[in-house]
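Undergrad: The structure is given below, and queries will be raised subsequently.
Only the coordinates and a few stated rules stand behind these numbers; no lab work does. Note that this is a predicted model, so its numbers are computed, not measured. Quick reminder, even Gly has a Cβ in these numbers, built from the backbone with ideal geometry, and neighbours come from all protein chains shown.
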Amino acid sequence: MHKCLLRSVWLVLLLSYLFLLAVPAVKYTSALAADKSDPLTPEERSWLKQHPVIRLAPDPSFPPVEYYDENGRYSGIAAQYISLLEKKLSIKFTLVRMNNWQEIITAAQNREIDMLGGAYFSQERANYMLFTNPYFKPPIVIITRSDRYGKLQLADLNHKKTVVVSGYGFATDLKRDCPDIELIYVPEPVTGLRQVSFGRADAMVLDMATATYYLQHQNITNLNVAGETPYDGSL
C-alpha cells in the first residue's frame, strides 16, 4: 500500500514536471506561428507605424480596373486588390480623389500622393515610382468605326487623327515611336470613344478591357477592335 502510494505521488510529480516544461514550448510555438502569419517583417511593420497615412489616388474613369461607382465608392479590379491588402496587412489606405489620370500622374511626380492602384510601366515613370509585378494584362488595341476601316496596324494610323488618354504610359510611347500619327489627347476614355463614334477622330488606342466596358455600358454600337499594338498593357 505504501509503495503504491509512493508510485502514485512520483507519477503525479513527473507529469506535473513534464507539463511545466511543455507550457513555455506551447507559448513559444504559438508566438512563432503568430509571427509567421504576418507577411511583413518587423522592419516593415515599424515603417508602417512611422507612416500611418498612405495616400492612394484611383483613376476615376478606368473601368473595369478602377473607378468610382454611382454611389461614389472606389470600385473595380484594383479596388478589390487594395481591399485585400488592407485586410491582410491590417492597414487602411487614404483615398485622394482627383479629376483625371493626368492630374494623378502630376500629383505622383510632385509627391502629393504615395500610391497608384494600377498603372502601366514606363521608363519615365520608373524615375519616380516603384512597380509591383503585374496583376492584370489587357492588350492595347486600336478602336475604329465598324464602317470605316478593316484590320489595322500602328503604321496605318500615320496622318490619321488618333485619340489617346492624356497621361497614359503608352501615349508617350506612341508619340515617340509614331511621330506621323496625329494624336488627340482626352482626359478620360469615354470622351475619346465618342469622338471616334461621331467621326471626329479616325481611331483610338486603348486597352481592351476599358474599351469593352465602355462600349457595353455606354451602348456604343458602331465601334470595333481593328488591331492590336505592340505595347504592354500590364498593370
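Undergrad: Report the net charge of residues surrounding Pro60, where surrounding means a beta-carbon distance below 13 angstrom and charges are Lys +1, Arg +1, Asp -1, Glu -1.
TA: Residues close to Pro60 contribute a combined charge of -4.
Undergrad: Across region 169-186, in residue order, what do the Karplus-derived ³J(HN,Hα) couplings come to in whole Hz, using 6.51 cos²θ - 1.76 cosθ + 1.60 with θ = phi - 60° and x for Gly and Pro?
TA: Once rounded to whole Hz, the list reads x, 6, 5, 5, 5, 5, 5, 6, 7, 10, x, 7, 7, 8, 7, 10, 9, 10.
Undergrad: Starting from the Cα gyration tensor of region 43-118, take the square roots of the eigenvalues, sort them a ≥ b ≥ c, and report rounded, prolate or oblate (rounded when a/c is under 1.5, otherwise prolate if a/b is larger than b/c, else oblate).
TA: Oblate, since a/c reaches 1.5 and b/c is not below a/b.
Undergrad: Amide H neighbours of Gly227 under 5 Å, at least 5 residues apart or on other chains, H built in the peptide plane: list them.
TA: Ile142, Leu152
Undergrad: Starting from region 43-130, pick out the chymotrypsin sites (Phe, Trp or Tyr not before Pro) whose DSSP state is loop and whose Cβ has at most 12 other Cβ atoms within 10 Å.
TA: Counting only loop positions with at most 12 other Cβ atoms within 10 Å, the chymotrypsin sites (Phe, Trp or Tyr not before Pro) in region 43-130 are Tyr128.
Undergrad: Same structure again: Search the structure for amide H atoms under 5 Å from the amide H of Phe136, placed 1.01 Å from N in the peptide plane, and list their residues when 5 or more places away or on another chain.
TA: Amide H to amide H, under 5 Å and 5 or more residues apart or across chains, Phe136 pairs with Leu235.
Undergrad: In sequence order, what are the phi-derived ³J(HN,Hα) couplings for region 148-165 according to the Karplus relation 6.51 cos²θ - 1.76 cosθ + 1.60 with θ = phi - 60°, rounded to whole Hz, with x for glycine and proline?
TA: After applying 6.51 cos²θ - 1.76 cosθ + 1.60, I find 10, 10, x, 6, 10, 10, 4, 4, 6, 8, 4, 6, 10, 6, 10, 8, 9, 7 Hz.
Undergrad: How many times 2.2 N^0.38 Å is the alpha carbon radius of gyration of region 130-190?
TA: Rounded to two decimals, the normalised Rg is 1.25.
Undergrad: What list of ³J(HN,Hα) couplings, whole Hz, do you get for region 125-139 from phi and the Karplus terms 6.51, -1.76, 1.60, once you set θ to phi - 60° and write x for glycine and proline?
TA: Working through the residues one at a time gives 5, 5, 6, 9, 9, 9, 10, 7, 5, x, 10, 7, 10, x, x Hz.
Undergrad: Rounded to the nearest whole Å³, what is the per residue volume of the convex hull around the Cα atoms of region 33-159?
TA: It is 173 Å³ per residue.
Undergrad: Continuing with this model, one more query. Mind checking the log10 I(q)/I(0) for region 156-235 at q = 0.11, 0.20 Å⁻¹? Debye, one equal scatterer per Cα, no solvent, two decimals.
TA: Summing over Cα pairs of region 156-235 leads to -0.25, -0.88.
Undergrad: Right, here's the next one. What's the whole-number percent of alpha carbon pairs in region 193-235 lying beyond 11 angstrom?
TA: 68 percent
Undergrad: Turning to a different aspect of this structure: If you average 1/r over all unlike Cα pairs in region 95-141 and invert the result, what Kirkwood radius do you get in angstrom?
TA: 11.9 Å
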